[in-house]
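This report refers to the structure that appears directly beneath it.
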Amino acid sequence: MSLADQPRRDLRLTGLTKRYPNGFVAVKSLDLVIPQGSFFALLGPSGCGKTTTLRMVAGLEDPTAGQIHIGDQDITHERPYRRPVNTVFQNYALFPHLTISENVAFGPNRRGVKDVEKLVKETLELTELTEQSGKKPAQLSGGQQQRVALARALINRPEVLLLDEPLGALDLKLRRAMQMELKQIQDEVGITFVHVTHDQEEAMTMADTVAVMNAGVIEQMGSPYDLYTNPMTTFVANFLGRSNLLPGTVVGREGAGADAVVKVDLYGTVVSIPAAKVHTDSKKGWVGIRPEKVLIQPAGVPIDAPGEHFSGAVVVSSSYLGVSTEYVLRMPWGGELMCFEQNTGRRGGLLTVGTSVDVSWSPKFAFLLDSSQDVEAGLEED
Amino acid sequence: MGALQRVLTKHPAYFLVGPAALWLLVFFAFPLVSLITTSLSDPSGSPIAGYDMTFRFQNYSEVISEYWPYLVRSFVYAGIATLLCLILGYVLAYAIAFKAGQYKTILLVLVVAPFFTSFLVRTLSWKLILGDDGWVVHTLQALHVMPPDGRILATPVAVVAGLTYNFLPFMILPLYASLEKIDHRLHEAASDLYASPARTFFRVTWPLSLPGVVGGTLLTFIPAAGDYINASLLGNTNTQMVGNKIQQLFTTASDYPHASALSVILMALIVVMVLMYVRKAGTEELL
């Protein structure tokens, strides 16, 4: 039987719900299909239900309602040790009394797998831990412990590997390195990875598909590119990167098919938004534009890209970040607009606070969200 | 002043260890030397007139040949009591550590509560509970588990029960302390890695609680082996332990040299057993 003939072993969550005894609903009727072999990220702020979802798949929490399937196999109420699923725990949960190779051998030993030694050796090689095999977890660095946690789960060749904020305890540099490593290992082993994180950059770097979760439901799911360029809710627009969201009024529609645009009145200027990026039926909406898509020039200097045009803006603050500069502009209508500019040196020098500037963006980058949604949803509170 | 200050700033450890070292010297090292000296003295003296230190090693051979059954009995009783304490204590400590939830503190207070009454009073009340007219005996007789003339008081069962009862908290507290430290996620990880609850216990929980097991068994076994209150209140003349003999030699017989020799033997045996046990448990580093 060739690979294509085998039934697909996708992870399927149907109406999955978790209600705690105190009445709090952590996960609300979640429907989700995670294709076999994909690297899937569940992204959301703390308390959004992503970890609870993961724990239900692992069998560490019992769902209140709904089903969990892998292919045709119902594992909803299966004991955790009977599921073809393994977990890389947050803070790793390595067995402190066992050596690294004993930790890694734990799963195969329990299952009575033959030739555990060879398997352990291979897995330690894959995760570059061969030299640490005789040590105890406490003797290892954070990054090495992380790899042990990964090795201990991977050695079982589960159908689904769950990763609960696996890189959360590492410093930034190490995290970057481990992101690459995890991605590479996933490519090598081809196991379905479900990765839970609150770090949008991590999710975007690693995952093929990202589901943005908020308050127990999935707000939007798609490739990192789709989510970023075409967010459907204010939460996604703010949580995944940053967005300027401005109140506008729909005034009409032009064109057809892929070229269709919706015309929106934005403080007296009519701007165009691709119909595919319009996510509201009402007359009012939030016009969204990513800060790096906003182009600026000192007043009167032509902007060398066609698009919407606003004059009369003033720079009110600028933060120089080396690779880019973040400006906050006061617009003629009194509101603020963020603008991130690459420091290409094209203009020669930064724009100082108080400079009058003209603003422009290309219509194809704009999106329109429902005005009933909270414009501040998904902004970090700190 | 200047020199002392310099020593203290340069070596603060001396300053911290000092009081404890002094305490041990006065209340442990000196009495120990005195005990050993007395144990090698001529028993023809008296506590008032004093004893002549004559390196009389016969004291040791005499007490061993005379009292070895008491030593054996002490270790057997203490061993059984320790084992019972371990079983009862482990279950309770496990329940408090992992299952008690909001009742954790209350249960811990209850474990310690017996200490608020004196050891003697508690042991005496066991005399009533296990007495021939007590409810335990009546119930067992009514259930025909025990013959009508059977008794518990003044039997080895009563002594071991008393020892178990009195030293149980010393087992529970160290067990609880080490169980409580175990990260619950380790249980989840074991379960995730195909271990059934029983296997999780034997492969993860039990090994990680070994420091508590070793600490608890030592804290139970050592005082139980030297105890004489339980044997004298709950036992009979055939259940006497080595502690009873030492007490009698010191008080009734006023034979300090033999009493000292027996004490030194008891202490030496316990030290040897503890060393063997700790080595076998392989937890020197954890203690």
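Apply the a/c threshold of 1.5 to the C-alpha gyration tensor of chain B and tell me whether it is rounded, prolate or oblate.
oblate
Quick check of the Kirkwood formula: for chain A, what is the inverse mean of 1/r over all pairs of different Cα atoms, in Å?
23.4 Å
Return the whole-Å distance between the Cα centroid of region B:115-175 and the Cα centroid of region B:1-72.
Centre-to-centre (Cα) distance: 36 Å.
Once every DSSP H run of n ≥ 4 in chain A is given -39500 (n - 2.57) and the sum is divided by its residues, what mean residue ellipticity at 222 nm do you get, rounded to the nearest 500 deg cm²/dmol?
About -6500 deg cm²/dmol.
Might you work out the accessible area of B:I229 for me, using a 1.4 Å probe with all protein chains in place, and round it to the nearest 10 Å²?
30 Å²
For B:Y90, B:Y228, B:Y14, give me the order by solvent-accessible area with a 1.4 Å probe, most accessible first, ignoring ligands, DNA and RNA.
Output order, biggest surface exposure first: B:Y14, B:Y228, B:Y90.
What average count of beta carbons from other chains do you get within 10 Å of the Cβ of residues in A:79-87?
That works out to 4 on average.
Taking R0 as 60 Å, what's the FRET efficiency between A:R330 and B:R6 from their Cβ-Cβ distance, rounded to 0.05?
For R0 = 60 Å, the calculated efficiency reads 0.35.
Helix-only estimate, please: 222 nm mean residue ellipticity of chain B, summing -39500 (n - 2.57) across DSSP H runs of length 4 or more and dividing by its residues, to the nearest 500.
Mean residue ellipticity at 222 nm (helix-derived): -22500 deg cm²/dmol.
Using DSSP H assignments, which helices in chain A have an axial alpha-carbon span of 20 Å or above and a mean Kyte-Doolittle hydropathy of -0.5 or higher?
Counting only whole DSSP H runs, no helix qualifies.
Accessible area of chain B with a 1.4 Å probe: how many percent of it is carbon plus sulfur?
Reported share for carbon and sulfur atoms: 71 percent.
Compare the peptides A:254-265, B:140-151 by average per-residue count of other Cβ atoms within 10 angstrom and give them in order, highest first.
A:254-265, B:140-151
Sorted by packing (mean other beta-carbon atoms within 10 Å per residue), highest first, where do A:104-110, A:316-322 land?
Taking the mean over residues of other Cβ atoms within 10 Å, the ranking is A:104-110, A:316-322.
Just tell me how shielded A:151-159 is by partners: mean number of partner chain Cβ atoms within 10 Å of each residue's Cβ, no decimals.
1
Using the scaling law 2.2 N^0.38 Å as the reference, what is the normalised Cα Rg of the protein assembly as shown?
Relative to the 2.2 N^0.38 Å estimate, the protein assembly as shown comes out at 1.44.
Relative contact order of chain A: what whole-number percent is it, with Cα pairs under 8 angstrom and at least 6 residues apart?
Reported relative contact order: 15 percent.
With a Förster radius of 30 Å, plug the Cβ-Cβ distance of A:F24 and A:V314 into 1/(1 + (r/R0)^6) and report the FRET value to the nearest 0.05.
FRET efficiency, A:F24 to A:V314: 0.05.
Sort A:152-163, A:363-374, A:18-29 for me by packing, meaning the mean count of neighbouring Cβ atoms within 10 Å per residue, highest on top.
A:152-163, A:363-374, A:18-29
Quick check: the distance between the Cα centres of region A:341-365 and region A:278-315, to the nearest angstrom?
12 Å
Which whole number gives the average, over all residues in A:312-319, of C-beta atoms from other chains lying within 10 Å of the residue C-beta?
Average per residue, whole number: 0.
How far apart, in nanometres, would the label points at B:E62 and A:R79 be if each is projected 7 angstrom from Cα along the Cα-to-Cβ direction?
The modelled label-to-label distance comes out at 6.5 nm.
Roughly how many whole Å is it from the C-alpha centroid of region A:131-147 to that of region B:204-254?
44 Å
Would you kindly find the accessible area of B:W68, with a 1.4 Å probe and non-protein molecules such as ligands, DNA and RNA excluded, rounding to the nearest 10 Å²?
Around 140 Å² of this residue is reachable by solvent.
Note down the accessible area of B:H11, probe 1.4 Å, to the nearest 10 Å².
Near enough 80 Å² of accessible area.
Among all the aspartates and glutamates, which ones have a C-alpha under 16 Å from B:K245's C-alpha, if same-chain residues fewer than 8 places away are not counted?
B:E62, B:E66, B:D227, B:D255
For chain B, return all DSSP H helices satisfying: extent of Cα atoms along own axis at least 30 Å; mean Kyte-Doolittle hydropathy at least 0.5.
Membrane-span-like by this criterion, though nothing is claimed about a membrane: B:58-94, B:156-180, B:256-281.
What do you reckon, how do B:L168, A:L337 stack up by accessible area (1.4 Å probe), largest on top?
B:L168, A:L337
The values are calculated or read from the model by the stated rules, or taken from the named source; none is laboratory data. Because the structure is a prediction, the values reported are computed rather than measured. We place every Cβ from the backbone using ideal geometry, glycine too, and count neighbours over all the protein chains shown. The accessibility values were calculated without ligands, DNA or RNA, using every heavy atom of the protein model including side chains. Shrake-Rupley method; radii C 1.70, N 1.55, O 1.52, S 1.80 Å.
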